[in-house]
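As structure tokens, the structure follows; a few thoughts come after it.
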Amino acid sequence: MNREQLSAYEPYLVVHEAEPDGRGNQVETTTVFLTASTCPVGCNMCDLHLNTLTGTTPPGAITQQIDKALKDSKAAWLKLYNSGNFFDPRSIPPVDYPAISQRCNQFERVIVENHPRFGKHRLRSFLDLITCRFEIAVGLETVQPRWLNRLEKQMSRDDFSRYAGEITEHGVDLRVFLILGVPGIDVVESVRWTRLSLRHAISCGARHISVIPARSGHGWSGRAEELPEFSTVLLADTHEKLLRDADGRAVVTLDLWDVPVSDAEYSRLQQSNLTQHA
């Protein structure tokens, strides 16, 4: 969707999907991609800002978006992804927390995304309003310090670890996004560091780890053509290695967004995501 087509009162995408719950079951989940203010972090590889507003999200807009997205939802879990940070007040106005929490409390579990820089006090305020299980997804991406700096995450591995500990103390579950591949690095090294990153995420208490193969997107400082190429077979093999590394301590899924695979290959990889046990 072009940015000029976006409305502050309409989510830019709603997806109904099944997700593994970590106990061998699948849970119906509604994912709402909210139209909200641009994330100020500006990660090097991110193109999600293309689906954001240029100004502050108006009060009341997020509530309207959620209501429209949930009109036909029969899901047990809800993801509210705003292409940024749930506790950034420019993106999700705190004045809307009571109305948003009412909608969240219709679900067993609600997952949002956030960067460790944002909203520790606002997190506590929001937790006072909800009765559902709450989960925060954090883009760790990698524990390789040089790569993390190159991604311009404005976060170190230690920052992530501290934040993971803080939210766990509040009874909040942790989901982690990891990236598979960066420009100028070969496939073998990419897989090695993703496995190391997964182990670190698990040591920090991650309940769910989503591995995202690097895609060209909008960033990479003009070096997108240097990204390593992963065949479908190699992606499946890498997923198997990550599942063995997790050894039942976390759900591990492989994101298939923009992965060029046939319908048959897509179905096989998707089934691998859903039937893995943790």
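Observations on the model:
- When residues of region 226-239 are limited to those that are part of a helix (DSSP H, G or I) and in contact (Cβ under 8 Å) with a residue 24 or more places away in the chain, the one surrounded by the fewest Cβ atoms within 10 Å (Cβ to Cβ): E226
- Within region 66-107, considering residues that are touching a Lys or Arg at 6+ places or on another chain (Cβ under 6 Å) and not in a helix (DSSP H, G or I), the one nearest to A137 (Cα to Cα): F87
- Failed condition for R192, given (1) closer than 17 Å to V211 by Cβ; (2) surrounded by fewer than 19 Cβ atoms within 10 Å (Cβ to Cβ); (3) touching a Lys or Arg at 6+ places or on another chain (Cβ under 7 Å); (4) of a type in the set (K, R): (3)
- Condition broken by A8, with the remaining ones in (1) modelled with pLDDT under 95; (2) outside any helix (DSSP H, G or I); (3) of a type in the set (A, V, I, L, M, F, W, C) satisfied: (1)
- Residue check for R215: closer than 20 Å to Q144 by Cα, in a loop (DSSP other than H, G, I, E, B) and outside the structural domain of N44 (by TED's automatic domain parsing): yes
- Taking the listed residues I167, I185, the one that is in the same structural domain as A224 (by TED's automatic domain parsing), at pLDDT below 95 and buried (at least 17 other Cβ atoms within 10 Å of the Cβ) is I185, with no other qualifying.
- Region 15-28, subset in contact with a Phe, Trp or Tyr (Cβ under 8 Å, 6 or more places away or on another chain) and surrounded by fewer than 19 Cβ atoms within 10 Å (Cβ to Cβ), residue nearest to I66 (Cα to Cα): V15
- Candidate set from region 132-156 (those that are out of contact with any strand residue (DSSP E or B) (no Cβ under 7 Å at 6 or more places or on another chain), buried (at least 18 other Cβ atoms within 10 Å of the Cβ) and at pLDDT 90 or above); member that is nearest to V110 (Cα to Cα): M155
- For V143: the one exception among (1) among the aliphatic types (A, V, I, L, M); (2) in the same structural domain as P213 (by TED's automatic domain parsing); (3) not in a loop (DSSP other than H, G, I, E, B): (3)
The values are calculated or read from the model by the stated rules, or taken from the named source; none is laboratory data. All values derive from a computational prediction rather than experimental measurement. In this analysis, Cβ positions are derived from the backbone assuming ideal geometry, glycine residues included, and neighbour counts consider all displayed protein chains.
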